[in-house]
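Novice: What follows is a structure written as structure tokens; I'll ask about it next.
The values are calculated or read from the model by the stated rules, or taken from the named source; none is laboratory data. Predicted, not measured: the structure shown is a model, and the values here were computed from it. Quick reminder, even Gly has a Cβ in these numbers, built from the backbone with ideal geometry, and neighbours come from all protein chains shown. Note: accessible area is taken over every heavy atom of the protein model, side chains too, but ligands, DNA and RNA are not part of it. Shrake-Rupley method; radii C 1.70, N 1.55, O 1.52, S 1.80 Å.
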Amino acid sequence: MDKKEEPEGFNEAVNKAASTMHRFPMIEVQGVPLRNWIAQNWSSVSAFCPDPSDLLISTYPKAGTTWAQEIVDLLLHNGDTEICKRAPTPVRSPFLEIHYPPPIPSGLDLLKTMQPPRVIKTHLPIHLVPKGFWENKCKVIYVARNAKDNLVSYYHFDQMNLIHPEPGSWEEYFHKFMEGKLHWGSWYDHVKGYWKEREERNILYIFFEDMKENPRREIVRIMQYLGLLLSDDIIDKIVELTSFNVMKENPMANYTSIPKVIFDHSVSPFMRKGEVGDWANYFTPAQSQMFDEDYARQMAEVDIPFRTSI
Ligand code: A3P
């Protein structure tokens, strides 16, 4: 690993702060529930000013963020496997708003150590994205995943992420998702917010299901949006390197480097299934009907072509 790109002793700092780690409460920021540490540092997050060359990858949690980060890193480095294994995902592509108890470095701490162009991850809904991204006309890739699979993935993640609020039972979690009470708020508002602004703000809006169906096609779309032109062979290589099975075994992309006081992969691995349609293994027919009726109400004003199967 390139020394310069190591997190400032991230794991050491987490280990030092291990006794203070727990399922942190959330505090609302402009109507959006965020971890207390993020909310308490909100002014510095919102004041962050990117360089025009910086790229933002935005998603509702569990929509395919890590997948998009890996694709972008490989595209930017012409498919060079070694370079793309220089550091774990959150070091190569820092998480804008993330804050932990000190002395654990924040996303902003990490960004300060890097030169633009940087690839920055966020889960912030569009109205909370620091305005500098829009003023500087930064490119933004938004990945969206159908609500039902997104919910199932988030349910498993909130069990293994030991600093997120307790997920409770499946039934409870199901309702919290529909009510927008999970960390980073409403899935519905999130996907709608970026959808409505995608043309005005030149946002590349892509779908998890499209990436599963035809990863090559979506990788080419991302490449073109970034203004890159890679050879067919390199594109094929990137398709392979960013397949679920390869990423699952890649310690620089599967989040196994994060200390167990934060992510406990024995509860549920970060790279869990990576499928479209897994929701059908969790939703009862009654839940599916209730969810669909509520979905129709919450999504009435837009026509976003989500697919719950491919
Ligand atoms: P599942 O829990 O359904 O398996 P995020 O990176 O936004 O946290 O999203 C994580 C989800 O994306 C997980 O979904 C994970 O398995 C899936 N994922 C990550 N990389 C993937 C890939 N290369 N192909 C398919 N799914 C992937």
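Novice: Hey, can you grab everything whose amide H is under 5 Å from the amide H of PHE306? Only 5+ residues off in sequence or another chain; H modelled, so Pro and N-termini drop out.
Specialist: none
Novice: Return the percentage of antiparallel bridges among DSSP beta bridges fully within the chain, rounded to the nearest 5 %. Let's see the in-between values first.
Specialist: Numbers: 5 of 20 bridges.
So the antiparallel bridges in the chain amount to around 25 percent.
Novice: Hey, another quick one. Pick out, in residue order, every one of the trypsin sites (Lys or Arg not before Pro) in segment 94-131 that is DSSP loop and has at most 15 other C-beta atoms within 10 Å; say none if there are none.
Specialist: LYS131
Novice: Let me ask another. So for the chain, what are the equivalent ellipsoid semi-axes in whole Å, largest first, each being the square root of 5 times an eigenvalue of the Cα gyration tensor? Write down the numbers at each step before the final one.
Specialist: Values: eigenvalues 140, 117, 83 Å².
They are 26, 24, 20 Å, listed largest first.
Novice: Same structure, new question: Considering only protein heavy atoms and a 1.4 Å probe, what is the carbon-and-sulfur percentage of the accessible area of the chain? Could the numbers behind the result be given before it?
Specialist: Values: 6950 of 13370 Å².
The C+S portion of the solvent-accessible surface of the chain is 52 percent.
Novice: So, one more: Sort CYS49, CYS138 by accessible area with a 1.4 Å probe, largest first. Provide the component values of the computation, followed by the final result.
Specialist: Details: CYS49 80, CYS138 5 Å².
Reading off the accessible areas and sorting them downward yields CYS49, CYS138.
Novice: Something else now. If you filter segment 186-273 for GluC sites (Glu not before Pro), then keep DSSP loop positions with at most 12 other Cβ within 10 Å, what is left? Before the final figure, lay out the partial values.
Specialist: Details: sites: GLU197, GLU199, GLU200, GLU209, GLU213, GLU218, GLU240, GLU249; in loops: GLU199, GLU200, GLU249.
Qualifying residues, ordered by number: GLU199, GLU200, GLU249.
Novice: Moving to a separate point now. Take the alpha carbon atoms of segment 1-149, find their radius of gyration, then divide it by 2.2 N^0.38 Å using N residues; give the quotient. Intermediate results must be reported in sequence, preceding the final value.
Specialist: Values: Rg = 15.4 Å, N = 149, 2.2 N^0.38 = 14.7 Å.
With N residues counted in segment 1-149, Rg over 2.2 N^0.38 Å equals 1.05.
Novice: Once the dipole of the chain is set up with Lys and Arg at +1 and Asp and Glu at -1 on Cβ about the Cα centre, which of THR284, TRP195, VAL32 lies farthest towards its positive end?
Specialist: It is VAL32.
Novice: Between the DSSP loop rule and a limit of at most 16 other Cβ atoms within 10 Å, which trypsin sites (Lys or Arg not before Pro) in segment 11-47 are left?
Specialist: Answer by residue number: ARG23.
Novice: Next question, about the same structure. Tell me the net charge near ILE120. Cut-off is 14 Å between Cβ atoms, ILE120 excluded, with +1 for each Lys or Arg and -1 for each Asp or Glu.
Specialist: Numbers: positive: ARG92, LYS112, ARG118, LYS121, LYS139; negative: ASP51, ASP54, ASP73, GLU97, ASP109.
Residues near ILE120 contribute 0 overall.
Novice: Could you work out Rg/(2.2 N^0.38 Å) for segment 183-303, with Rg from alpha carbons only? Don't skip to the end; give the middle numbers.
Specialist: Values: Rg = 17.9 Å, N = 121, 2.2 N^0.38 = 13.6 Å.
So segment 183-303 has a normalised radius of gyration of 1.31.
Novice: Given the options ALA39, ALA147, ALA17, state which has the largest fluctuation in a GNM of the chain using a 10 Å cut-off (strictly under) for Cα springs.
Specialist: Answer for the Gaussian network model of the chain: ALA17.
Novice: Of all the C-alpha pairs in segment 202-272, what % are more than 21 Å from each other? List each step's numbers first, then the result.
Specialist: On the way: 1014 of 2485 pairs.
Looking at segment 202-272, the distances longer than 21 Å represent 41 percent of pairs.
Novice: Now for a separate question. Could you tell me which residue out of PRO88, VAL143, PHE270 lies farthest along the dipole of the chain toward its positive end? Charges go on the beta carbon: Lys and Arg +1, Asp and Glu -1, centred on the Cα centre.
Specialist: Among PRO88, VAL143, PHE270, the one farthest towards the positive end of the dipole of the chain is PRO88.
Novice: While we're here: Could you tell me the calculated FRET efficiency between GLU179 and LYS85, based on Cβ-Cβ distance and R0 = 45 angstrom, to the nearest 0.05?
Specialist: Numbers: r = 40 Å, r/R0 = 0.90.
With R0 = 45 Å, the Cβ-Cβ based efficiency is 0.65.
Novice: If you don't mind, there's one more thing I want to ask. Taking the Cα centre of the chain as origin, work out the dipole magnitude from +1 charges on Lys and Arg Cβ and -1 charges on Asp and Glu Cβ, in debye rounded to 20.
Specialist: Details: 34 positive and 42 negative charges, 87 e Å.
About 420 debye.
Novice: Right, next: With +1 on each Lys and Arg Cβ and -1 on each Asp and Glu Cβ, and nothing else charged, work out how big the dipole of segment 132-238 is about its Cα centre, in Debye to the nearest 20.
Specialist: Roughly 280 debye, rounded to the nearest 20.
Novice: Still on this structure, I have one more. If you take every residue apart from PHE133 with its C-beta less than 11 Å away from the C-beta of PHE133, what net charge results, scoring Lys and Arg +1 and Asp and Glu -1?
Specialist: Values: positive: LYS131, LYS137, LYS139, ARG201; negative: ASP51, ASP54, GLU135.
So the surrounding residues net to +1.
Novice: Treat every Asp and Glu Cβ in segment 82-141 as -1 and every Lys and Arg Cβ as +1, leave all other atoms uncharged, and give the resulting dipole magnitude about the Cα centre to the nearest 20 debye. Before the final figure, lay out each step's value.
Specialist: Values: 9 positive and 4 negative charges, 42 e Å.
Value, rounded to 20: 200 debye.
Novice: Compute the distance in nm between two label points, each set 7 Å from the Cα along the Cα-to-Cβ direction, one at ASN36 and one at VAL246.
Specialist: Output for this residue pair reads 4.3 nm.
Novice: Same structure, new question: Looking only at PRO90, PRO117, PRO165, which one moves most when the chain is put into a Gaussian network model with springs between Cα atoms under 10 Å?
Specialist: PRO117
Novice: For segment 128-198, what value does the Rg/Rh ratio take when both radii are computed over Cα atoms and Rh is the Kirkwood radius, given to two decimals?
Specialist: Details: Rg = 14.3 Å, Rh = 13.7 Å.
Rounded to two decimals, Rg/Rh equals 1.04.
Novice: Also, quick follow-up: Pick from ASP73, ASP236, ASP149: which residue has the top mean-square fluctuation in a GNM of the chain where Cα pairs under 10 Å get a spring?
Specialist: Judging by the Gaussian network model, the answer is ASP236.
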